[in-house]
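See below for the structure under consideration.
Laboratory data are not the source of any read-out in this text; all were calculated from the coordinates shown. Please read all numbers here as calculations on a predicted model, not as lab measurements. A quick note on method: Cβ atoms are made from the backbone with ideal geometry, for glycine too, and the neighbour counts reach across all protein chains shown.
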Amino acid sequence: MAVDTRQSAGSAGGADGAPGRVRKTATKNGGRPGRIRRALATHWYAWAMVAPVVIVIGVIVGYPLGRGVYLSLTDANEANVERHIGVNHLPATYKNVGLDNFTAILQDEVFWDRLGWTVVWTVSCVAVSFAIGLGLAVMLNRQFKGRTLYRSLLILPWAVPAFVSVFAWRLLYNEKNGILNKILDGGGIDAVPWLNDPTMAKVSVIAVNVWLGVPFMLVALLGGLQSIPGELYEAAEMDGASPWQRFRHITLPGLRSVSSTVILLSTIWTFNMFPVIFLLTRGGPGDSTEILVTYAYRLSFVNSPRDFAGASAWGVMILLILMLFAVVYRRSLRKQGEVW
């Protein structure tokens, strides 16, 4: 008896084809996960550990930064922001002004005067701190009696809170009863107006910041020195290289990666070093020691009416300057063959 197999073959073909089509669709739509999904699936524990820190940083840093950028584009001040007076609620009336605040800053001589002194202050502090820190690191990298004690004493300024150190230096700089002027008076030298003369005030704040910054340079550079193989110095000494030649051709190249990092970090910290200037001189005498960050603080919290938009614009300008410096610095390092 003849049997018609066409329907069965069609059914079998359809049955075989359908799963094939389903498999293709599944592979196309929901098959191999994307890069982000794979990273989350593989490193989910690490992401879970990092998430709280990211959230906290986003709240503490991200929101104020975004709020500051927004206010810098407005004309917000103490008189037109949202506020409560007793039971009365006054809504915000400030408006968006675009880049007018930044234009006003760039056209203001105050900004360029503050920027000039801020650059001098930053370069002086970083250069002197690096030089002293490098010299002390080279000395402490040698074996001698009492080295551990000297290391502990030199790191002490870093362990003391900055505001405590500044107040201690303020007492030392006191023109009438300060220890420094007492010592000078004992030698027959007239009292020096450390914080009341514009030039001496600048020298004084630089000295305090150098005193605070040397321990960081010392620790970082000492660690870099200890990572340089001692065989290099032994081979150079056997070849007749002088101490200066060994320092120039072995020590400095060996510290290049560490030096680039500490210089960048120290520059950013010093550029924004608010406590030393504000607590020691409050920007005075007059405005001779006022840097960009202290002037932004003055606009927002000291002057009346308080200019929130102007202070925010100054803060954004500081951020842009530091970002530009970091980019240029990184490119210069890459041209020199450094990876950072």
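Using the basic label-point model (7 angstrom from Cα toward the beta carbon), what is the R256 to S242 distance in nanometres?
According to this spin-label approximation, the distance is 2.3 nm.
Can you check how the C-alpha radius of gyration of the range 31-130 compares to 2.2 N^0.38 Å, as a plain ratio? Let's see the in-between values first.
Numbers: Rg = 22.6 Å, N = 100, 2.2 N^0.38 = 12.7 Å.
Dividing the Cα radius of gyration by 2.2 N^0.38 Å gives 1.78.
Beyond 17 Å, what percent of the Cα pairs of the range 116-173 remain? Please report the intermediate quantities before stating the final value.
On the way: 975 of 1653 pairs.
Percentage above 17 Å: 59.
Between T103 and L153, what FRET efficiency follows from the Cβ-Cβ distance if R0 is 41 Å, with the result rounded to 0.05?
On the way: r = 51 Å, r/R0 = 1.24.
E between T103 and L153, to the nearest 0.05, is 0.20.
What GluC sites (Glu not before Pro) does the range 233-340 have in DSSP loop regions with at most 14 other beta carbons within 10 Å? Before the final figure, lay out the partial values.
Numbers: sites: E234, E237, E290, E338; in loops: E290, E338.
Those satisfying the criteria are E338.
Let me check I have the definition right: for the range 207-333, take the eigenvalues of the Cα gyration tensor, multiply each by 5, take square roots. What are those semi-axes in whole Å, largest first?
Working: eigenvalues 354, 54, 19 Å².
That gives 42, 16, 10 Å for the three semi-axes.
What is the mean projected area of the alpha carbon convex hull for the chain, to one decimal in square nanometres?
Numbers: hull surface 153.7 nm².
Answer in nm², one decimal: 38.4.
Along the three principal axes, how long is the range 195-259 when you take its alpha carbons, biggest first, rounded to the nearest angstrom?
Largest to smallest, the principal-axis extents are 55, 21, 14 Å.
So for each of 254-261, 129-136, 226-233 I average, over its residues, the number of other beta carbons within 10 Å; can you give me the resulting order with the highest mean first?
Numbers: 254-261: 16.6, 129-136: 19.4, 226-233: 11.6.
Taking the mean over residues of other Cβ atoms within 10 Å, the ranking is 129-136, 254-261, 226-233.
Using R₀ = 30 Å, calculate the FRET efficiency as 1/(1 + (r/R₀)^6) where r is the Cβ-Cβ separation of I85 and Y63; round to 0.05. Display every interim value, and only then the final one.
Details: r = 26 Å, r/R0 = 0.86.
Efficiency, rounded to the nearest 0.05: 0.70.
Can you give the extra length, in nm with one decimal, that the chain gains between F301 and D185 once fully stretched, where that is 0.36 nm per residue apart less the Cα-Cα distance?
On the way: separation 116, 0.36 × 116 = 41.76 nm, distance 3.95 nm.
Value of the extension gain: 37.8 nm.
Would you calculate the separation in nanometres between label points at M139 and V53, each defined as 7 Å from the Cα along the Cα-to-beta-carbon direction?
About 3.7 nm separates the two model spin labels.
Could you sort 121-128, 279-286 so that the peptide with the highest average Cβ count within 10 Å comes first and the rest follow in order?
121-128, 279-286
Using a basic spin-label model with each label point 7 Å from the Cα along Cα→Cβ, how many nm lie between H43 and A207?
Those two pseudo-labels are separated by 4.9 nm.
What residues have an amide H closer than 5 Å to that of E78, excluding those fewer than 5 places away on the same chain, when H is modeled at 1.01 Å from N in the peptide plane?
HN-HN under 5 Å from E78: R306, F308.
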